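Enquirer: Got a structure for you, written out below as structure tokens; questions coming shortly.
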Amino acid sequence: MGAPVGADVDAAQRVRDEFTELYGTAPEGVWSAPGRVNLIGEHTDYNDGFVMPFALPHVTTAAVSRRTDGVLRLHSADIEGGVVELAPDALEPGTDHAWTAYPAGVVWALREAGHPVGGADVHLSSTVPTGAGLSSSAALEVVIALALNDLHGLGLARWQLARLCQRAENVYVGAPTGIMDQTASACCEHGHALFLDTRDLSQKQIPFDLAAEGMRLLVVDTQVKHAHSGGEYGKRRAGCEKGAALLGVDALRDVAYDGLGAALDRLGDEEEVRRLVRHVVTEDHRVERVVALLEAGDTRAIGPVLTEGHASLRDDFRISCPELDLVVDTALASGALGARMTGGGFGGSAIVLAEASDVDTITKAVEEAFAAAGFTAPRTFEAVPSAGARRAV
Ligand code: ADP
Ligand code: MG
């Protein structure tokens, strides 16, 4: 299946026209950056571990022009309210609690790193669902970073832009997320999943074309909104750091899978920390197993590994919720090859790996199960591995 080139150009043209209408002149350019879905490797990225996301066809598209008067004007077609005006030299981390903190945070992070980024006019529009675990926040950050990198000729590499975007989200917005989302949005390639070592950001593009093998990957958005900067994510992160400290390693990445039993013994009666450590160490191992299976051409065999990952997130990391569990259980009972929650947890989306011929049965079964449980109807779509951030016009 090809990239949705036509749709991309249409969206870019529309955002360009809206910018012109809003600000009175045409933008200098239009860029887009995708949301992502994580195939495997959950809550490993802040433990220096492995992740394996791929980019969605859903993108945030931004039209941008530089300004010489030091004013930053931000507008989103997806948010009620008009243009927000900020002063780049007065940006303060932790002071903005609105959506503008994400793009302003990128400007702040670039300036703080010494890059001469001043004012700009920005208008954007997105097809990435927000708060669904599909990383609309990273898409928003990365599209702004790429636009400013190009317009100011900063020459920063994709991984450097991802780092700056992570800093924007961690420090400026105040959400303690790892590096996966921003790297996925900046670095993914069409038809591939990205095997990323979050310790040194070394990457390998792994061909991932399910359609060619008669399979599909479904994303089921439960419509349960998570709140990332809320306490639970931070608590898990702190628990992982405590585990690393108790085990005398820099990060849980350094606990060998073969030595997991001994490591858990050493944690004694630290029951919660033991569970967190067990998830992270087995999850890193699952990423390596998925990579090996895909490289060996044994794609269907990744299904049970994904399902194991869900059990680990549900029972050890304890970040699933009834809606996510219902998607996974129903999909598996209806013939799915594997299923798991994806993203930060406490809501958001699940992924389902299935034979193409089973997609309709599974989708219907999940819808019926949600209706029977009295849950809001889920939104299901097929995820096709798509391109990372790019200049559109
Ligand atoms: P996720 O990244 O999983 O979608 P987050 O809570 O990390 O969820 O980020 C969602 C937030 O990002 C939104 O609440 C909003 O502040 C901001 N955001 C994302 N996309 C847009 C957009 N198109 N326009 C304005 N704000 C957006
Ligand atoms: Mg996010």
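Any read-out appearing in this document is the output of simple, stated calculations on the displayed coordinates, not a laboratory observation. Note that this is a predicted model, so its numbers are computed, not measured. Neighbour counts run over all protein chains shown; Cβ positions are idealised from the backbone, glycine included.
Enquirer: Rounded to the nearest 0.05, what FRET efficiency is calculated for Glu272 and Asp69 with R0 set to 41 Å and r the Cβ-Cβ distance?
Expert: E(calc), rounded to 0.05, equals 0.20.
Enquirer: On a straight-distance basis, which lysines could pair with Lys235 in a cross-link, Cα separation under 20 angstrom, same-chain partners fewer than 8 positions away excluded?
Expert: Within the straight-line cut-off, Lys235 pairs with Lys225.
Enquirer: Order the peptides 260-273, 290-303 from the highest to the lowest mean number of other Cβ atoms within 10 Å of their residues.
Expert: With the highest mean Cβ count within 10 Å placed first, the list reads 290-303, 260-273.
Enquirer: Something else about it: log10 I(q)/I(0), Debye, Cα-only the chain, no solvent, q = 0.07, 0.14 Å⁻¹?
Expert: -0.31, -1.21
Enquirer: Quick one: order Ile206, Ile40 by neighbouring beta-carbon count within 10 Å, fewest to most.
Expert: Ile206, Ile40
Enquirer: Of the peptides 349-355, 152-158, how do they stack up when ordered by the mean number of other Cβ atoms within 10 Å, highest first?
Expert: 349-355, 152-158
Enquirer: Relative to the longest principal Cα axis of the chain, at what angle does helix 302-311 sit, 0 to 90 degrees, rounded to 10?
Expert: Result, in degrees: 90.
Enquirer: Using DSSP, restrict attention to beta bridges with both residues in the chain and report what percent are antiparallel, rounded to the nearest 5.
Expert: Among the beta bridges of the chain, antiparallel pairing accounts for roughly 90 percent.
Enquirer: Let me ask something additional. Fully extended, how many nm does the chain gain between Arg300 and Glu368 (0.36 nm per residue separation, minus their Cα-Cα distance)?
Expert: 21.9 nm
Enquirer: Right, next: From the C-alpha gyration tensor of the stretch 273-372, pull out the three semi-axes of the equivalent ellipsoid (sqrt of 5λ each), sorted largest to smallest, in whole Å.
Expert: Equivalent-ellipsoid dimensions as semi-axes: 23, 19, 8 Å.
Enquirer: Moving on to the next point. How much length is gained on full extension from Thr25 to Arg111, taking 0.36 nm per residue of separation minus their Cα-Cα distance?
Expert: Gain in length upon complete extension: 28.4 nm.
Enquirer: Moving on. Report, in degrees rounded to the nearest 10, the 0 to 90 angle that the Cα long axis of helix 231-247 makes with the longest principal axis of the chain.
Expert: Once rounded, one gets 60 degrees.
Enquirer: Tell me the label-point distance for the pair Arg390, Val171, using the 7 Å Cα-to-Cβ offset, in nm and rounded to one decimal.
Expert: It works out to 3.2 nm between the two label points.
Enquirer: What is the helix-to-structure angle for 322-333, meaning the angle in degrees between its Cα long axis and the longest Cα principal axis of the chain, kept from 0 to 90 and rounded to the nearest 10?
Expert: Between helix and principal axis, roughly 60 degrees.
Enquirer: Continuing with the same structure: Pulled fully out, how much extra length does the chain show between Ala311 and Leu260, if you take 0.36 nm times their separation in residues and subtract their Cα-Cα distance?
Expert: That pair, Ala311 and Leu260, stretches by 16.6 nm at full extension.
Enquirer: Starting from the Cα of Glu288, step 7 Å along the direction of its Cβ; do the same at Ala356; then give the gap between the two resulting points in nm.
Expert: In this crude spin-label approximation the distance works out to 3.5 nm.
Enquirer: Over what distance in Å are the Cα centres of the stretch 84-128 and the stretch 246-295 separated?
Expert: Taking the Cα centre of the stretch 246-295 as reference, the centre of the stretch 84-128 is 37 Å away.
Enquirer: Let me check I've understood the local charge: for Arg318, count other residues with C-beta under 11 angstrom from its C-beta, Lys and Arg +1, Asp and Glu -1. What total comes out?
Expert: 0
Enquirer: Which net charge results for the neighbourhood of Pro53, defined as the other residues with beta-carbon distances under 12 angstrom from its beta-carbon, given Lys and Arg at +1 and Asp and Glu at -1?
Expert: -3
Enquirer: What 222 nm value per residue comes from the helices of the chain, counting each DSSP H run with n ≥ 4 as -39,500 (n - 2.57) and dividing by all residues, nearest 500 deg cm²/dmol?
Expert: Roughly -12500 deg cm²/dmol at 222 nm, from the helical runs in the chain.
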